[in-house]
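K.L.:
Take this structure first; my questions come after.
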Amino acid sequence: MLLLNPGPVTLTERVRNSLLQTDLCHRESEFFDLQEEARTRLVDVYGLDPNEWQAVLMTGSGTAAVESMTAALVPRDGKLLVVENGVYGERIAQIATQYGIAHEALKHDWMDAPDLEKIARHLDADKSFTHVAVIHHETTTGRLNDIAALGALCRERGLRLLVDGVSSFGAEPIDFADASLDALAATANKCLHGVPGASFVLVRRAALARAASRTYYLDLVRLARLQDQRNTPFTPSVHAYYALVEALRELADEGGWRARHAGYAALAEQVRAGLAARGIGSVLPAAQSSVVLRAYRLPNGLAYAQLHDALKARGFVIYAGQGGLSAELFRISTMGNIGAADIDRLLQGFSDLMR
Ligand SMILES: *Cc1c(COP(=O)(O)O)cnc(C)c1O
């Protein structure tokens, strides 16, 4: 079965086999070597300066990292503006509500890009805002939000930016030199091609110094401090760490995030052109979309369940639209161990179905 859903991904044999390594106690030096290699390689993916940036690992899915980042990095007396144009933006607002963090959500239609003028007006009307949170790749629609433009707005106003990069880290350009960027949360099992169970926050060391402590298990400051001391507060998902390290080695061997970006882009274009030739349109223009996942309009008279089941019988798992979009669109991700020949077979499946 090939997974064309937005994570977990189809594994390479190299990463799958890494799960079979020796059992490891997480209080032994071998585990801390593994943890250190993961952290060092994560900082290296975008060539960051380890004196400025730190990778903080945690056991949990991508949401754990987003929650840890949000709960820690808005100080007690801070206020967060959440830029919302999909399910994952809404999730950050829900996390802020859960922790009693002062915040406002600036809601957009899920089909729309963040409205920078509206965001600027909102920030200027309330000088108590200190932080802005945004999704980089809004997986709801496949839209790549312009975090560089939002970073510029933040820099002009001395605000700090928090980014959910769960479905973009490792495959899309990210400007970590943006001085407003305090942190980015991501996971092992999307563009990095690891297994679910390990996630992480890349955080500026300076931001940790201003952080709050609102959660016990996901306390970013404590996790960062202990990991810097080759320690860990709890039992980590050791096997997921094995897979993450192997996936990071593989990513480096294959040419890093730029090579991954190029590979995904070719597959995404192959899917787009192939579906267009079969009368199935893209929801967003390619220029506004990530290379990681694209959303497509369900053909007239074909329900998602029919499409899903027919493709699954041919060995492909596609993904439904979320919330109100489930009747309108379906999504195809090209993350993971997927090649051009797989996409040819997928398109053949569509041809059979449309006949
Ligand atoms: C997948 C995803 C998440 C996290 O989902 P989990 O199910 O917790 O891994 C968060 N944000 C975005 C943008 C995502 O695509």
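K.L.:
What pairs can you find where one residue is in the range 213-232 and within 15 Å of residue 31 (Cβ to Cβ), the other is open to solvent by 50 Å² or more (accessible area, probe 1.4 Å) and not in a helix (DSSP H, G or I), and their Cβ atoms are less than 8 Å apart, with a gap of 6+ or different chains?
P.N.:
Correct list of pairs: empty, since none qualify.
K.L.:
Looking at (1) within 16 Å of the ligand (Cβ to nearest atom); (2) open to solvent by 10 Å² or more (accessible area, probe 1.4 Å); (3) closer than 30 Å to residue 285 by Cβ, which is the only condition residue 162 fails?
P.N.:
(2)
K.L.:
Also, quick follow-up: With the structure loaded, tell me whether residue 258 is in contact (Cβ under 8 Å) with a residue 24 or more places away in the chain, closer than 24 Å to residue 189 by Cα, out of contact with any Leu (no Cβ under 8 Å at 6 or more places or on another chain) and open to solvent by 60 Å² or more (accessible area, probe 1.4 Å) or whether it fails that test.
P.N.:
It is false that residue 258 is in contact (Cβ under 8 Å) with a residue 24 or more places away in the chain, closer than 24 Å to residue 189 by Cα, out of contact with any Leu (no Cβ under 8 Å at 6 or more places or on another chain) and open to solvent by 60 Å² or more (accessible area, probe 1.4 Å).
K.L.:
Residues of the range 13-47 being among the basic types (Lys, Arg) and surrounded by 13 or more Cβ atoms within 10 Å (Cβ to Cβ), which ones?
P.N.:
Applying the first criterion (among the basic types (Lys, Arg)) to the range 13-47 yields 14, 16, 27, 39, 41.
Matches in the range 13-47: 14, 16, 39, 41.
K.L.:
Within the range 181-200, track down each residue that is among the aliphatic types (A, V, I, L, M) and open to solvent by 10 Å² or more (accessible area, probe 1.4 Å). Break it down stepwise before answering.
P.N.:
In the first step, residues of the range 181-200 are kept if they are among the aliphatic types (A, V, I, L, M); the result is 181, 183-186, 188, 192, 195, 198.
Within the range 181-200, 195 is the sole residue that qualifies.
K.L.:
Would you tally the residues in the range 262-291 being outside any helix (DSSP H, G or I) and either open to solvent by 40 Å² or more (accessible area, probe 1.4 Å) or over 16 Å from residue 302 (Cβ atoms) (or both)? So that I can check it myself, show each step before the final result.
P.N.:
To start, the set of residues in the range 262-291 that are outside any helix (DSSP H, G or I) comprises 278-285, 289-291.
Keeping just the survivors that are either open to solvent by 40 Å² or more (accessible area, probe 1.4 Å) or over 16 Å from residue 302 (Cβ atoms) (or both) gives 278-279, 282, 284-285, 289-291.
Of the residues in that region, 8 qualify.
K.L.:
In addition: Tell me which of these residue 93 doesn't satisfy, since it passes every other one: (1) in contact (Cβ under 8 Å) with a residue 24 or more places away in the chain; (2) surrounded by 16 or more Cβ atoms within 10 Å (Cβ to Cβ).
P.N.:
Among (1) in contact (Cβ under 8 Å) with a residue 24 or more places away in the chain; (2) surrounded by 16 or more Cβ atoms within 10 Å (Cβ to Cβ), the lone unmet condition for residue 93 is (1).
K.L.:
Going by the conditions given, is residue 83 closer than 30 Å to residue 5 by Cβ, in contact (Cβ under 8 Å) with a residue 40 or more places away in the chain and either within 16 Å of the ligand (Cβ to nearest atom) or open to solvent by less than 10 Å² (accessible area, probe 1.4 Å) (or both)?
P.N.:
Details: closer than 30 Å to residue 5 by Cβ: yes; in contact (Cβ under 8 Å) with a residue 40 or more places away in the chain: yes; either within 16 Å of the ligand (Cβ to nearest atom) or open to solvent by less than 10 Å² (accessible area, probe 1.4 Å) (or both): yes.
Against the criterion (closer than 30 Å to residue 5 by Cβ, in contact (Cβ under 8 Å) with a residue 40 or more places away in the chain and either within 16 Å of the ligand (Cβ to nearest atom) or open to solvent by less than 10 Å² (accessible area, probe 1.4 Å) (or both)), residue 83 qualifies.
K.L.:
Another question, then. Hey, does the range 331-345 have a residue that's open to solvent by 40 Å² or more (accessible area, probe 1.4 Å), within 28 Å of residue 194 (Cβ to Cβ), touching a Lys or Arg at 6+ places or on another chain (Cβ under 8 Å) and not in a strand (DSSP E or B)? Break it down stepwise before answering.
P.N.:
Step one: list which residues in the range 331-345 are open to solvent by 40 Å² or more (accessible area, probe 1.4 Å), which gives 337, 340-341, 344-345.
Next cut, within 28 Å of residue 194 (Cβ to Cβ) only: 337, 340-341, 344-345.
From what's left, touching a Lys or Arg at 6+ places or on another chain (Cβ under 8 Å): 345.
Still in the running and not in a strand (DSSP E or B): 345.
Yes; the residues of the range 331-345 include at least one that is open to solvent by 40 Å² or more (accessible area, probe 1.4 Å), within 28 Å of residue 194 (Cβ to Cβ), touching a Lys or Arg at 6+ places or on another chain (Cβ under 8 Å) and not in a strand (DSSP E or B).
K.L.:
Using beta carbons and a limit of 8 Å, which pairs, at least six apart or on different chains, have the first residue in the range 154-180 and touching a residue at least 60 places away in the same chain (Cβ under 8 Å) and the second one open to solvent by 20 Å² or more (accessible area, probe 1.4 Å) and assigned to a strand (DSSP E or B)?
P.N.:
168/144; 172/144
K.L.:
Now for a separate question. Go through the range 16-47 and give me each residue that's within 18 Å of the chain's Cα centre (by Cα) and part of a loop (DSSP other than H, G, I, E, B). Lay out the reasoning, then the answer.
P.N.:
Our first condition is that a residue be within 18 Å of the chain's Cα centre (by Cα); within the range 16-47, this holds for 38-39, 41-46.
Residue satisfying the conditions is 46 alone.
K.L.:
Report whether or not residue 68 is of a type in the set (Ser, Thr, Tyr) and open to solvent by less than 20 Å² (accessible area, probe 1.4 Å).
P.N.:
Values: of a type in the set (Ser, Thr, Tyr): yes; open to solvent by less than 20 Å² (accessible area, probe 1.4 Å): yes.
When the stated conditions are applied, residue 68 passes them.
K.L.:
Do you know which of the residues in the range 292-328 that are of a type in the set (A, V, I, L, M) and in a loop (DSSP other than H, G, I, E, B) is most open to solvent (accessible area, probe 1.4 Å)? Walk me through how you get there before you give the answer.
P.N.:
Restricting attention to the range 292-328, the residues satisfying the condition of being of a type in the set (A, V, I, L, M) are 292-293, 295, 298, 302-303, 305, 307, 310-311, 313, 317-318, 320, 325, 327.
Now drop any that are not in a loop (DSSP other than H, G, I, E, B), which leaves 292, 298, 302-303, 318, 327.
Values: 292: 1, 298: 26, 302: 29, 303: 52, 318: 3, 327: 84 Å².
My answer is 327.
K.L.:
Among the candidates 47, 89, single out the residue that is closer than 18 Å to residue 183 by Cα and away from the ligand (no atom under 16 Å from the Cβ).
P.N.:
On the way: 89 fails: away from the ligand (no atom under 16 Å from the Cβ).
When all the criteria are applied, what remains is 47.
K.L.:
Also, quick follow-up: Considering only residues of the range 169-180 that are under 21 Å from residue 49 (Cβ atoms) and buried (at least 24 other Cβ atoms within 10 Å of the Cβ), which is farthest from the ligand (Cβ to nearest atom)? Give the steps one after another, and end with the answer.
P.N.:
In the first step, residues of the range 169-180 are kept if they are under 21 Å from residue 49 (Cβ atoms); the result is 169-170, 172-180.
This time we only want the ones that are buried (at least 24 other Cβ atoms within 10 Å of the Cβ), so: 169-170.
On the way: 169: 10, 170: 13 Å.
For the range 169-180, the residue satisfying everything is 170.
K.L.:
With respect to residue 56, determine if the residue is touching a helix residue (DSSP H, G or I) at 6+ places or on another chain (Cβ under 9 Å), aliphatic (A, V, I, L, M), closer than 27 Å to residue 129 by Cβ and more than 16 Å from the ligand (Cβ to nearest atom). Let's see the steps before the verdict.
P.N.:
Numbers: touching a helix residue (DSSP H, G or I) at 6+ places or on another chain (Cβ under 9 Å): yes; aliphatic (A, V, I, L, M): yes; closer than 27 Å to residue 129 by Cβ: yes; more than 16 Å from the ligand (Cβ to nearest atom): yes.
Answer is yes for this residue.
K.L.:
Contact list please: Cβ distance under 9 Å, first residue in the range 61-73 and more than 22 Å from residue 180 (Cα to Cα) and part of a helix (DSSP H, G or I), second residue near the ligand (Cβ under 9 Å from one of its atoms) and of a type in the set (Lys, Arg), pairs at least six apart or on different chains.
P.N.:
Correct list of pairs: 62/190; 63/91.
K.L.:
Next up: For the range 208-254, what are the residues that are of a type in the set (D, E, K, R), open to solvent by 20 Å² or more (accessible area, probe 1.4 Å) and part of a helix (DSSP H, G or I)?
P.N.:
222, 225, 228, 246, 249, 253
The values are calculated or read from the model by the stated rules, or taken from the named source; none is laboratory data. As the structure is a prediction and not an experimental result, all values here were calculated from the model. Because the Cβ atoms are built from the backbone with ideal geometry, glycine has one as well, and the counts that use them run over all protein chains shown. Remember, those area values only see protein heavy atoms, side chains included, never the ligands or the DNA or RNA. Shrake-Rupley method; radii C 1.70, N 1.55, O 1.52, S 1.80 Å.
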